[in-house]
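Let me begin by presenting the structure, written as structure tokens, before commenting on it.
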Amino acid sequence: MKGMTIIVKTISSWVKVLIFLFGIYIILFGHLTPGGGFAGGVILASSYVLLMLAFGREFVEENLPLPVASKLDCLGAFLFALIAILGLVIGGSFFVNFLYQKYLPGEALSLISAGTIPLSNIAIGLKVGASLFMVVLVLSIFRPGVSGNEKE
Amino acid sequence: MAIFYILLLFIIIAAIIAVETKHLLSAVICIGAVGFGASIMFLFLRAPDIAITQIVVEVLGLIILIRACLSRELTFISGPREFFGVVVSVAIIFVIFLAGIKVFETLPDFGIPIFAEAPEAASQTYISQGLAKTGAANLVASVILDFRAYDTLGEATVLFTSIIGATVILRKKTKKLLEDPDE
Amino acid sequence: MLYALCFLLFMIGLYCAVVKKNMVKIVIGIMVMEYAVNLFLIMLGYRIGGIAPIIDKGQLESGTDQITAGFLSSSVDPLPQALVLTAIVISLGSLALMISICIRTYERYGTFDITQIRRLKG
């Protein structure tokens, strides 16, 4: 997949940073305003897809190759399961919001509140973003006729 | 209420065009219009969370769909049209449609949610005690990550599995693997 | 009446998924069905004159942390929204899987037509 003209490359390299920041904002404030982990994760993935469309696939593959994205995906899923099991160990039952009920209630309507809900949002956002970026990368690597199996 | 009818009519017309046209690229663009109209409708139905998610998912879905039909433009589907099969399918679908209309009379009217008529519904607890029990101001986030966190765990598993499936199907086998199967 | 229009959208998707012969058209029919189901679930929870289920300063009693009775009686249902949020992201995952199958089949057989894919290869 080749890149585009120089105007598109310049503008998209500025805009990509803004989109990435917007995705992080939607994930972090998921318990106060509409959004949450899923929408923020998809926005993070689409910022990298913008870079892939403007600069070509090889440029993005040097910076975030496929094994690294796969490991980020697994890390997000593992973090989510870890929060659930910590709830079992500390709180008494699976997925208990142990931070809100025992340690850190915080005040309502501020950033540090609602216990483990922001942490779960971050884990889910990481997982969804890495998964969707991996899918678009694999779809663009695949070229018909390059794979080894010719007609039998 | 008129805005809902206008948006639904727009969505239905776009869906009919997407189904009947012979150009694959036009069908993909009409699917984009359907998703866009659905996102605006979610905004009017007072669901801002869903509207944000629907629009970004729509954009990524369009990119994936266009990737499938960009250099493989199969515009005209040739072959004899099976007239009898189409008529039978349309008749069965029409019968199901009429049966479904009968079922909708048991639901409350549009505009009265179900939990307003049942005082022991789960949503009463979610609304009245969501802030006190979880501390989150966004009630939908408190539902998916605290009251019903198992569903989110299941969803993460399903997404993980489907992405692994897609990655494995589109793998390139090198010639070296085919020549020495013992290594 | 609005429910009937939503059901009509579902039937259009079902017709496309059953009758058409092009593989990408079948995928498009499945996607239209998914949109119709999500719309229907959100329409079930709507209240005329309702507000979104998000609490901010205006909905709290002044000074305390209790929510006003006005919010209780005028908010829409948050439960269908939680279910549909999950469903939308799952539909994207299943779309990726279906398209990867379509691309692989095209590379193997050279066509998207399902009546010409007949050889079960061993």
Flagged pairs (Cβ under 6 angstrom, 6 or more apart or on separate chains; first in the range A:6-24, of a type in the set (Phe, Trp, Tyr); second part of a helix (DSSP H, G or I)) are A:Phe20/A:Ser47
Going residue by residue through the range A:102-109, is there one that turns out to be among the hydrophobic types (A, V, I, L, M, F, W, C), out of contact with any strand residue (DSSP E or B) (no Cβ under 6 Å at 6 or more places or on another chain) and either at pLDDT 75 or above or not in a loop (DSSP other than H, G, I, E, B) (or both)? no
Single unsatisfied condition, A:Asp73 versus (1) at the interface with another protein chain (Cβ under 10 Å from one of its Cβ atoms); (2) charged (D, E, K, R); (3) out of contact with any helix residue (DSSP H, G or I) (no Cβ under 7 Å at 6 or more places or on another chain): (3)
Filter pass, C:Met1 being modelled with pLDDT under 90 and touching a Cys at 6+ places or on another chain (Cβ under 6 Å): no
Which is in a helix (DSSP H, G or I) and within 7 Å of chain B (Cβ to nearest Cβ), of C:Ala82, C:Ala36? C:Ala82
Could you tell me whether B:Met1 is surrounded by 19 or more Cβ atoms within 10 Å (Cβ to Cβ) and under 23 Å from B:Gly111 (Cα atoms)? no
Mind listing just one residue for me: the one in the range C:1-33 that is more than 7 Å from every other protein chain (Cβ to nearest Cβ) and β-branched (Val, Ile, Thr) and, of those, surrounded by the most Cβ atoms within 10 Å (Cβ to Cβ)? C:Val27
Under 8 Å between Cβ atoms, at least 6 apart or on separate chains: pull out the pairs that start in the range B:1-27 with a residue that is closer than 16 Å to C:Ala36 by Cα and end on any residue that is in a helix (DSSP H, G or I) and charged (D, E, K, R). B:Val19/C:Lys25
Under 7 Å between Cβ atoms, which residue pairs at least 6 apart in sequence (or on different chains) link something in the range A:116-139 that is of a type in the set (Asp, Glu) with a partner that is surrounded by fewer than 23 Cβ atoms within 10 Å (Cβ to Cβ)? none
Do you know which of the residues in the range B:34-64 that are more than 7 Å from every other protein chain (Cβ to nearest Cβ) and touching a Phe, Trp or Tyr at 6+ places or on another chain (Cβ under 8 Å) is surrounded by the fewest Cβ atoms within 10 Å (Cβ to Cβ)? B:Phe44
Considering only residues of the range A:109-134 that are β-branched (Val, Ile, Thr) and surrounded by 24 or more Cβ atoms within 10 Å (Cβ to Cβ), which is nearest to A:Ala69 (Cα to Cα)? A:Val128
What number of residues within the range C:39-59 are crowded, with 22+ Cβ neighbours inside 10 Å, in a helix (DSSP H, G or I) and either more than 7 Å from chain B (Cβ to nearest Cβ) or free of Cβ contacts under 8 Å to residues at least 40 places away in the same chain (or both)? 1
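Residue by residue, here is whether (1) part of a loop (DSSP other than H, G, I, E, B); (2) over 19 Å from the mean Cα position of the chain (by Cα); (3) over 15 Å from B:Thr134 (Cα atoms); (4) not aliphatic (A, V, I, L, M) holds:
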{"position": "A:Phe20", "(1), (2), (3), (4)": "no, no, yes, yes"}
{"position": "A:Gly23", "(1), (2), (3), (4)": "no, no, yes, yes"}
{"position": "A:Phe38", "(1), (2), (3), (4)": "no, no, yes, yes"}
{"position": "A:Val49", "(1), (2), (3), (4)": "no, no, yes, no"}
{"position": "A:Ala81", "(1), (2), (3), (4)": "no, no, yes, no"}
{"position": "A:Ala84", "(1), (2), (3), (4)": "no, yes, yes, no"}
{"position": "A:Phe95", "(1), (2), (3), (4)": "yes, yes, no, yes"}
Mind checking which helices (runs of 4 or more DSSP H) fall wholly inside the range B:45-155 and carry at least 2 residues that are modelled with pLDDT of 90 or more and within 22 Å of C:Val37 (Cβ to Cβ)? B:48-69, B:83-103
Given the conditions (1) buried (at least 20 other Cβ atoms within 10 Å of the Cβ); (2) β-branched (Val, Ile, Thr); (3) within 29 Å of A:Phe142 (Cα to Cα); (4) within 12 Å of chain B (Cβ to nearest Cβ), every one holds for A:Val60 apart from (4)
If you go through B:Leu159, B:Leu139, B:Leu145, the only one that is surrounded by 14 or more Cβ atoms within 10 Å (Cβ to Cβ) and touching a Pro at 6+ places or on another chain (Cβ under 6 Å) is B:Leu139
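The values are calculated or read from the model by the stated rules, or taken from the named source; none is laboratory data. None of the values given here were measured: they were computed from a predicted structure. No Cβ is skipped: glycine too gets one built from the backbone with ideal geometry, and neighbour counts run over all protein chains shown.
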